[in-house]
Amino acid sequence: MKQVNRGGGWPAVLYTLRKAREAGGLIRLWKAMRSKNACKTCALGMGGQSGGMVNEAGAFPEVCKKSLQAMVSDMQGAARAEFFETYSVAQLQAFSPRELELSGRLTQPLLAKRGDGYYRPITWDDALGRIVNKLQQLTPAETFWYFSGRSSNEAGFLLQLFARVYGTNNVNNCSFYCHQASGVGLSSVLGTGTATLLLEDVERADLVFVIGGNPASNHPRLMTTLKHVRRRGGDVIVINPVVETGMVNFSVPSDPWSLLFGTKIASMYVQPHIGGDLALLAGVSKRVIELGAHDVTFLDAHTDGWRDWAQRLSAFTWDEIVRKSGVTQAEIEAIAERYARAKQVVFSWTMGVTHHAHGVQNVEAIANLALLRGMVGRPHSGLLPIRGHSNVQGIGSVGVAPRLKEAVFERLQNHFGITLPATPGLDTMGCIEAAADGRLKFGYCLGGNLFGSNPDARFAADALGRLDMLVYLNTTLNTGHAHGLAAETIILPVLARDEEPQATTQESMFNFVRLSDGGPARHAGPKSEIEVISLLARQVLDSAGPIDWHALGDARALRQAIARIVPGYEPLESIDQTRREFQIAGRTFHQPGFPTPNGRAQIKTHELPELAGGTDGLRLMTVRSEGQFNTVVYEDYDLYRGQDRRDIILLNPADVARLGLAAGQRVTVRSSVGALGPILVRPYEKIKQGNALMYYPEANVLVPRATDPASKTPAFKSIVIAIEPAAPGPHGVAEPAAAGAGAPAAAPVRLAGSGKLPAC
């Protein structure tokens, strides 16, 4: 497959037309995208009461392939009952992530019991009755409750309340496997765990750092903002072990000039080793101080610990920094000089920063570097974790965490007149390990793909398999439904965001709360998440208790409660009348002064970790493709990297030669926890030598369960691997990997009409 030389552009336009045909026509897709609902994909803040395709700054049209893909998937036809009669669970395990996603919308509850071999449709009464009976048999400590970032604030608040009143704090969300390190790292330095700035601040910066991310593929709407920065004469410094096509040049389809001629994005592109970020950031900070470009007045007035940190930086030798970062001293000095010249600087990052055993330290080091020149606490500058799910931040705000913030804990108790459990709750990995140990018996997953999000995929499947019951609330099938199976697995079909019968709210990465109107259901059968949770709570908990669970089935009542309980969400109380979306107070810092105990930022001092596997080892990072959103794979090809399949490993040509491999050779890749093969070797000159790239979630079988001790985020990057020729089969052909090991699936035979999009 030929690699394109820029992101976006005409291929994106043509792709939109193709997806429109799948959705039943351009007009039908246009109406769906323009509905007054927040985007279903990343947290950049599209949609809401301004209508779809409008960002927080009011710009139109703002749309990307990710939002189109999610919308068209939700517009699929229903998966027929014959589908589940035809394909056994074992056969579903051979489906690829893409094939599962495109098998049709789920419209009736499904049950699979161990030994049955097939899912079978059941009634809603039967499904809910089974769940209620199981919860009444177990102790609360034997259950866990997992939340996706795709749900609404109202559903998230209601479910965490239900779980805690039931008696457990085993309440966690998908951020533990993505940006939890950002929240922990920012909170340790600034006392706040979210972005410190607004979208308009990014637009007006004269330097933007993009560290460890590929927004051109994963957050395409940000590319319009980066285009604006470049046109105003600003700089963009991209730091990534891989040169990503869209971060070099991107054609914004909504801009005729950019569409025709492209827009240069990166002013400077720097390739550290995987895991070399902390050393690189230390080197830049060291050089800024050497240049005398640091803001001593700001540091003395508004930070603690900076002189100890500066002293430690001075002790690092350039040889150590270069060796541990993989970046030359000249490149580091060039970054520092650009930073020293800039007046308004934004630091943004994604999971290339957080998916490490020292992810929190990476985030703290970015915050340190920003504070070094006073770039936090002023307009048009600040810190921006680029979150990958449309409401993962809101889910955290409304209380989805093992430990509630003290203010929320007290207000919850006082508002409802209840006593909440004070026992420590388990993080997401803690729940998986407790399930493996037999300490947990029941899991409830509000959206997402818990299995597909886990490192060490074999361990995850085994752990979930030890549960008595696992309940999924989803719109379509995913790999968890095939591999993450308990003794009794129930799938409850739920409505998509734009099908909800009641308005709901979501929070963007810029701390902006948006109102989604919902809309008509596309299929009979699915229920809203709020309705399902309310029904369960009514049947499981004492109806004579202090909480009226029936009343809390009304999203407006939930908003009234959230407004009184969650600090910063007070305007939610009147949003149904005013329809006025709002910025959460106390999170944007245009003046110095931070919500730490003494109001000062707390600069952290770190040691520099050795590179995983040493300088001669081979380090793997798992990544998403251009046609993918989180664990959901919409297209098997990866357009921007020029790859036509996913069962591959991308290596620098020098590493292919060094390891005695050949292009197209079938190999097995091994790590400390698993093996995956046969897969194909693909030389890829854009990845830094000594590093390798494979696709997530298929490569999760190779990812160890090691987590950052501060955030409990798994290290999906910096995986030490070895490569060996795949074992030949009986006829001299390499044997396929075992089911569940991430092997490419054979294409299933489709039932006529299965997954077909309905007529308008």
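Read-outs: derived from the displayed coordinates by stated rules, not from any lab. Quick caveat: nothing in here was measured; it's all calculated off a predicted structure. Heads up, the Cβs are rebuilt from the backbone with ideal geometry, glycines too, and the neighbour counts pull from every protein chain shown.
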Mean separation of Cα pairs under 8 Å and 6+ residues apart, divided by the residue count of the range 15-93: what relative contact order is that in percent?
-> 24
Debye-sum result for the range 1-65 in log10 I(q)/I(0), which assumes one identical scatterer on each alpha carbon, at q = 0.17 Å⁻¹ = -0.66
If the chain between K31 and M1 were fully stretched, how many nm would it gain, using 0.36 nm times the residue separation less the Cα-Cα distance?
-> 7.4 nm
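Which length gain, in nm to one decimal place, applies between R658 and W124 when the Cα-Cα distance is subtracted from 0.36 nm times their residue separation?
186.4 nm
Once you sort the root eigenvalues of the Cα gyration tensor of the range 98-183 as a ≥ b ≥ c, which label holds: rounded (a/c under 1.5), prolate (a/b larger than b/c) or oblate (the other case)? Before the final figure, lay out the partial values.
Working: a/c = 1.95, a/b = 1.21, b/c = 1.61.
Note, shape of the range 98-183 comes out oblate.
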What spacing in nm lies between the two simple spin-label points modelled at E610 and R403, each 7 Å away from Cα in the Cβ direction?
-> 3.2
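Grab the DSSP H runs of the chain that are 4 residues or longer, score each as -39,500 (n - 2.57), total them, divide by all residues and round the 222 nm result to the nearest 500 deg cm²/dmol. Intermediate results must be reported in sequence, preceding the final value.
Values: 31 runs with 262 residues, N = 760.
After summing the helix terms and dividing by residue count, I get -9500 deg cm²/dmol.
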With a 10 Å Cβ neighbour count serving as the proxy for reagent exposure, in which order, fewest first, do H550, H606 appear?
-> H550, H606
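Indicate, rounded to the nearest 5 percent, the antiparallel portion of the DSSP beta bridges found entirely in the range 619-725. Before the final figure, lay out each step's value.
Values: 16 of 25 bridges.
In the range 619-725, approximately 65 percent of DSSP beta bridges are antiparallel ones.
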Ranking of D295, D437 by count of other Cβ atoms within 10 Å, fewest first | D437, D295
Of all DSSP beta bridges with both partners in the chain, the antiparallel percent, nearest 5, is 40
For the range 79-90, 3J(HN,Hα) per residue [Karplus equation, 6.51 cos²θ - 1.76 cosθ + 1.60, θ = phi - 60°, Hz, x = Gly/Pro] = 6, 6, 4, 4, 4, 7, 7, 8, 9, 6, 4, 4
Mean Cα-pair separation over length for the chain, i.e. relative contact order, pairs under 8 Å, 6 or more apart, % | 22
Go through K264/K343; K65/K324; K31/K65 and tell me which ones have a Cα-Cα distance over 26 Å in this structure.
-> K65/K324
With each label point set 7 Å from Cα along the Cα-Cβ vector, what nm distance links D644 and D548?
-> 6.3
Shape call, the range 619-725: gyration tensor on alpha carbons, a/c limit 1.5 | oblate
Report the dimensions of the chain along its three principal axes from the alpha-carbon atoms, largest first, rounded to Å.
-> 71, 70, 53
Treat every Asp and Glu Cβ in the range 180-386 as -1 and every Lys and Arg Cβ as +1, leave all other atoms uncharged, and give the resulting dipole magnitude about the Cα centre to the nearest 20 debye.
-> 380
Spin-label model distance (nm) - R439 vs V243, 7 Å beyond Cα toward Cβ | 4.9
Using the Cα atoms of the range 180-386 to build a convex hull, what is its mean projected area in square nanometres?
-> 10.6
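Rounded to the nearest 20 Debye, what is the dipole magnitude of the chain about its Cα centre when Lys and Arg each give +1 and Asp and Glu each give -1 at the C-beta? Present the calculation step by step, with values, prior to reporting the outcome.
Working: 77 positive and 70 negative charges, 263 e Å.
For this selection, approximately 1260 debye.
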